[in-house]
Amino acid sequence: MSAMPPIVGRAIWQEQIDEVRVREKLHTREGDAIAAARRRLPMVEVDPTARLVGPAGDVRLIDTFEGRTQLLASYMMWHDGLPAAGQCEGCTKDNGQVRDLSFLHSRDVTFAVFCEGPFPESDRYREFMGWEMPFYSVPETSRDALIAGRDFGMTVCYLRNGDQVFETYWTTGRGHETMGSAYPMLDQTVYGRQESWEDSPEGWPRLYLGTRSEQMRTDQQGRSVRRPGGRPIMQWPRLAAGHSDDLGAAAVAGDTEHRH
């Protein structure tokens, strides 16, 4: 490969790692301080009876806690009418990395996905992706209570006190990166995430999320969707293993480019 770091002796190499290590420790301690500040935030009450739709039909928000005190809900975006290949890259990546929930459960925390899309199609997407976490759809009638003027593509933390439910924290954008280990792992590699926004040396590969025009497409709402291979990356191994991405009759009949 033509793009490579300079080669030095081990002593010089270790000196420069030690300099970065000082900054890494500062970053870790600042993260601890920010988490401490989150634990001191006030909270706002939300309707515990706000309706969601799950495998057994209608449920209340308070029921999705599954008896635990805390709930961490991932509000997944959904592009209604599009096939699996047209669904959200970021939400698929974030939710797909949340697998074993036992450690969260040990801290009295339930994790669940609250999807923007209608339950039959979005649940079929969950099945295609092999996700086993609790999965619900948010009907239009509950969006004022739960979304409160924001957008899907956010993470919301809730606290239950008896029959009351409170929202304690929410985040969006890069705040979702805490849901998985792939990005922090890539950050430790020499080429990083290989995305266009990164501060990398000249010539470093930037192959992912929008650096090639053929990866660009527009979804039904006119938003730019950047994806290598024409579909969310985490769908690749599911297709390779023979799983069907057919979401049923709701998919747009004319959009057959990536249907299987």
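The values are calculated or read from the model by the stated rules, or taken from the named source; none is laboratory data. Just so we're clear, the structure is a prediction, and the values are computed from it rather than from any experiment. As a convention, Cβ positions derive from the backbone with ideal geometry for all residues, glycine included, and neighbour counts pool all protein chains shown.
A compact table of results
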item: Cross-chain or 6+ apart pairs with Cβ under 9 Å, segment 182-209 first and without any contact (Cβ under 8 Å) to a residue 24 or more places away in the chain and under 21 Å from V98 (Cα atoms), then assigned to a loop (DSSP other than H, G, I, E, B) and hydrophobic (A, V, I, L, M, F, W, C); result: R193/L209
item: Filter result for A145 (assigned to a helix (DSSP H, G or I), at pLDDT below 95 and either over 17 Å from A56 (Cα atoms) or charged (D, E, K, R) (or both)); result: no
item: Candidates R124, R160, R150 - the one that is touching a residue at least 12 places away in the same chain (Cβ under 8 Å) and part of a loop (DSSP other than H, G, I, E, B); result: R150
item: Boolean, A145 is of a type in the set (A, V, I, L, M, F, W, C) and closer than 25 Å to D100 by Cα; result: no
item: Residue count for segment 90-115, restricted to those that are within 15 Å of the chain's Cα centre (by Cα) and either touching a residue at least 40 places away in the same chain (Cβ under 8 Å) or buried (at least 18 other Cβ atoms within 10 Å of the Cβ) (or both); result: 14
item: Filtered residue count, segment 83-115, keeping only those that are modelled with pLDDT of 95 or more and among the basic types (K, R); result: 1
item: Qualifying residue in segment 232-242 (condition: at pLDDT below 95, among the β-branched types (V, I, T) and more than 21 Å from G130 (Cα to Cα)); result: no
item: Test: residue in segment 40-61 that is among the basic types (K, R) and free of Cβ contacts under 8 Å to residues at least 12 places away in the same chain; result: yes
item: Residues of segment 134-174 classified as surrounded by fewer than 14 Cβ atoms within 10 Å (Cβ to Cβ) and of a type outside the set (A, V, I, L, M), total; result: 12
item: Which numbered condition T141 fails, given (1) touching a Pro at 6+ places or on another chain (Cβ under 6 Å); (2) over 20 Å from Q70 (Cα atoms); result: (1)
item: Every residue from segment 85-119 that is among the aliphatic types (A, V, I, L, M) and either part of a loop (DSSP other than H, G, I, E, B) or under 22 Å from V138 (Cα atoms) (or both); result: A85, V98, L101, V109, A112, V113
item: Residue identified as surrounded by 15 or more Cβ atoms within 10 Å (Cβ to Cβ) and either within 26 Å of C157 (Cβ to Cβ) or in contact with a helix residue (DSSP H, G or I) (Cβ under 9 Å, 6 or more places away or on another chain) (or both) among M77, M43; result: M77
